[in-house]
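*Asks:* Before I ask anything, let me first share the structure, which is written out below as structure tokens.
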Amino acid sequence: MPYDIQPTASHYIDSEYVEDTGGTKIPVIYSATGEVIATVHAATPAIVDRALAAAARAQAAWAATSQTDRGRILRRAADIMRDRNHDLSVLETYDTGKPYSETSLADATSGADALEYFGGIAASIAGEHIQIGDDWVYTRREPLGVCVGIGAWNYPTQIACWKGAPALACGNAMVFKPSETTPLCALKVAEILTEAGLPPGLFNVVQGMGETGQALVTDPRTDKVSLTGSVPTGRRVYAAAAEGLRHVTMELGGKSPMVVFDDANLEDAVSGAILGNFYSTGQVCSNGTRVFVQAGLHDRFVARLAERLGQARTGDPMDPDTTYGPMVSAAQRDIALGFIARARDTGAVLATGGTTDAPDGFEGGFWLAPTVFTGVTDDMEIATDEIFGPVMSVLTFETESEALERANHTPYGLAAGVYTADLTRAHRMAAGFQAGTCYINTYNLSPVEAPFGGMKASGVGRENARAAIEHYTQIKSVYVAMGPTEAPF
Ligand code: NDP
């Protein structure tokens, strides 16, 4: 095991590791084996206070720093992150259980993309000039102040960067709370930002459970909250933030549809369904877990899918040849197993998977094979509820209008995809989907250049791209008179 799995201390405040063993112990469990590989402590009220005080103290000077200088620090951090991709990917694998074949491609690299992108556009964040006769108004795009970021456990490095990079580019300070399940990676992001030249107090990490998050969200020093998490948590955090009229970004869950028409390229559609259901062992918010396959293609699709899933390589997550890892925790696997048992009871047909066999030497881990149900109907629990595990539902349909109507029949609206060779139908479907991100003949790509976020219950606001700037700044209008001030009396 690499020497630095156990972090120097639990929290990172004012560019230093900080410990307070008075906080509840949080064991860090390697989900491939079930072993405890590190321990951190939840933040005590004193730690929460220290982090918010540091952020509040540092923010004004950072906002006054030139945007070019701010951007340069972020871009430097991106370079450091890319140089250390191997070590960061190993840590991400220990934190989440995701195989190294994924983490080395999709985690620190995606975090670095965000740092580079927002570092690159920092200097061009600007207001506008509005002419009003001889008078004019100019707008200033000002930071919000202290932003609280709260992360889920599936992409701990990426989530810290997707929130931290735009917040810092816009002149804010951040206090970030990772999920208690994956507390390690955000500390490395903080270390790298310091090394890149970020002044103390601007990116702080505090550990803890929901109550630490709650303390951060309700503190009067907090101006904005950005949460990545489930819809129930989102509702609670949104309500708590509303009390203080704080700005929010809510990146929440989904039950996204993928619609495959008879004329689709079968191999591509199967690849999309695999990416959209089994990458990261199914623990991705935008997964297309309701796969609607047109009746004429259904049997061939299911047969080819089963063949391709047989090629998944389960094994030591650190082995670069392993392509499928364990779930993040015993609790999350139990949730998925509960859905699987109830689906069988209600008449869905288990086409493949549902088993918990572990690879040799990893018997203590939280394994669950890629699982596919066919014969699923719209009202079954596996078709209505977010599972957040490797469980795909295959449904059939006859017509385009039917597919669109059923695809949208959900309270969620995070993502949606269509596979078809018909160009105009593809765009009609994309226009009709009630989802923040739509895919045509691909699935689950989320480059930093494109806005990402949910419609309906899947969220509020957008991350990534220029759209994120809207959510980490506020606009001030300045009216400039060029003539005398006229008053009625
Ligand atoms: P949770 O909603 O359980 O937790 C999210 C974060 O919120 C955790 O850090 C959690 O702390 C914290 N939290 C819990 N309660 C409160 C509270 N009352 N106040 C403040 N913070 C609180 O989500 P999971 O971690 O289980 O992640 C899975 C969910 O995240 C799925 O629904 C998934 O769809 C969604 N997600 C959404 C994404 C998106 O971009 N739209 C991306 C990735 C995931 P702790 O867990 O430590 O108790």
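*Asks:* Could you list, in sequence order, all residues of the stretch 139-191 that are within 15 Å of the ligand (Cβ to nearest atom), touching a Cys at 6+ places or on another chain (Cβ under 6 Å) and part of a strand (DSSP E or B)?
*Replies:* The one that is within 15 Å of the ligand (Cβ to nearest atom), touching a Cys at 6+ places or on another chain (Cβ under 6 Å) and part of a strand (DSSP E or B): Met174.
*Asks:* Further question: So which of Ala55, Ala77, Ala51, Ala38 ends up being of a type outside the set (Asp, Glu) and surrounded by fewer than 24 Cβ atoms within 10 Å (Cβ to Cβ)?
*Replies:* When all the criteria are applied, what remains is Ala38.
*Asks:* Would you confirm whether any residue within the stretch 377-391 is small (Gly, Ala, Ser), within 24 Å of the chain's Cα centre (by Cα) and modelled with pLDDT of 95 or more?
*Replies:* There is at least one residue in the stretch 377-391 that is small (Gly, Ala, Ser), within 24 Å of the chain's Cα centre (by Cα) and modelled with pLDDT of 95 or more.
*Asks:* So Phe489 fits all but one of (1) without any contact (Cβ under 8 Å) to a residue 24 or more places away in the chain; (2) closer than 23 Å to Gly149 by Cβ; what number is the exception?
*Replies:* The single condition Phe489 does not satisfy is (2).
*Asks:* Also: May I ask you to list pairs of residues, at least six apart or on different chains, whose Cβ atoms are under 7 Å apart, with the first in the stretch 330-341 being over 17 Å from Gly364 (Cα atoms) and the second being modelled with pLDDT of 95 or more and assigned to a helix (DSSP H, G or I)?
*Replies:* Pairs that qualify, where the first residue is over 17 Å from Gly364 (Cα atoms) and the partner is modelled with pLDDT of 95 or more and assigned to a helix (DSSP H, G or I), are Phe339/Glu381; Phe339/Ile382.
*Asks:* For a quick check of your reading of the model, give me the residue pairs whose first member lies in the stretch 168-194 and is farther than 23 Å from Asp219 by Cα, whose second is near the ligand (Cβ under 10 Å from one of its atoms) and not in a helix (DSSP H, G or I), with beta-carbon atoms closer than 7 Å and at least 6 apart or on different chains.
*Replies:* These pairs meet every condition: Thr181/Trp153; Thr181/Val328; Thr181/Ser329; Thr182/Trp153.
*Asks:* Could you list, in sequence order, all residues of the stretch 446-489 that are within 14 Å of the ligand (Cβ to nearest atom), out of contact with any Leu (no Cβ under 9 Å at 6 or more places or on another chain) and of a type in the set (Lys, Arg)?
*Replies:* Listed by number, the list holds a single entry, Arg462.
*Asks:* Continuing with this model, one more query. If you go through the stretch 330-359, how many residues are in contact with a helix residue (DSSP H, G or I) (Cβ under 8 Å, 6 or more places away or on another chain), in a loop (DSSP other than H, G, I, E, B) and not β-branched (Val, Ile, Thr)?
*Replies:* 3
*Asks:* Okay, next question. Between Arg344, Arg246, Arg300, Arg313, which is of a type in the set (Lys, Arg), more than 25 Å from His427 (Cβ to Cβ), away from the ligand (no atom under 16 Å from the Cβ) and in contact (Cβ under 8 Å) with a residue 12 or more places away in the chain? Give the derivation first.
*Replies:* On the way: Arg344 fails: in contact (Cβ under 8 Å) with a residue 12 or more places away in the chain; Arg246 fails: away from the ligand (no atom under 16 Å from the Cβ); Arg313 fails: in contact (Cβ under 8 Å) with a residue 12 or more places away in the chain.
Just a single option satisfies the conditions, and that option is Arg300.
*Asks:* Right, here's the next one. Looking only at the stretch 284-328, which residues are within 30 Å of Leu184 (Cα to Cα) and crowded, with 24+ Cβ neighbours inside 10 Å?
*Replies:* Listed by number, the residues that qualify are Cys285, Ser286, Asn287, Gly288, Thr289, Pro317, Tyr324, Gly325, Pro326, Met327, Val328.
*Asks:* Is it true that Ala196 is of a type in the set (A, V, I, L, M, F, W, C), under 25 Å from Ala53 (Cβ atoms), at pLDDT 95 or above and surrounded by 19 or more Cβ atoms within 10 Å (Cβ to Cβ)?
*Replies:* Answer is yes for this residue.
*Asks:* Return yes or no: is Leu275 touching a residue at least 12 places away in the same chain (Cβ under 8 Å), more than 30 Å from Val36 (Cβ to Cβ) and away from the ligand (no atom under 16 Å from the Cβ)?
*Replies:* no
*Asks:* When the stretch 207-239 is examined, which residues are found to be touching a helix residue (DSSP H, G or I) at 6+ places or on another chain (Cβ under 8 Å), near the ligand (Cβ under 7 Å from one of its atoms) and among the polar types (S, T, N, Q)?
*Replies:* Gln214, Thr228, Thr233
*Asks:* Keeping to the stretch 383-393, report how many residues are surrounded by fewer than 24 Cβ atoms within 10 Å (Cβ to Cβ) and in contact with a strand residue (DSSP E or B) (Cβ under 6 Å, 6 or more places away or on another chain).
*Replies:* Of the residues in the stretch 383-393, 1 are surrounded by fewer than 24 Cβ atoms within 10 Å (Cβ to Cβ) and in contact with a strand residue (DSSP E or B) (Cβ under 6 Å, 6 or more places away or on another chain).
*Asks:* Tell me whether the stretch 250-271 contains one or more residues that are of a type outside the set (Phe, Trp, Tyr), within 22 Å of the chain's Cα centre (by Cα), surrounded by fewer than 22 Cβ atoms within 10 Å (Cβ to Cβ) and within 15 Å of the ligand (Cβ to nearest atom).
*Replies:* no
The values are calculated or read from the model by the stated rules, or taken from the named source; none is laboratory data. These figures come from a predicted structure and were not determined experimentally. Cβ coordinates were reconstructed from backbone atoms using ideal geometry, including for glycine residues, and neighbour counts include every protein chain displayed.
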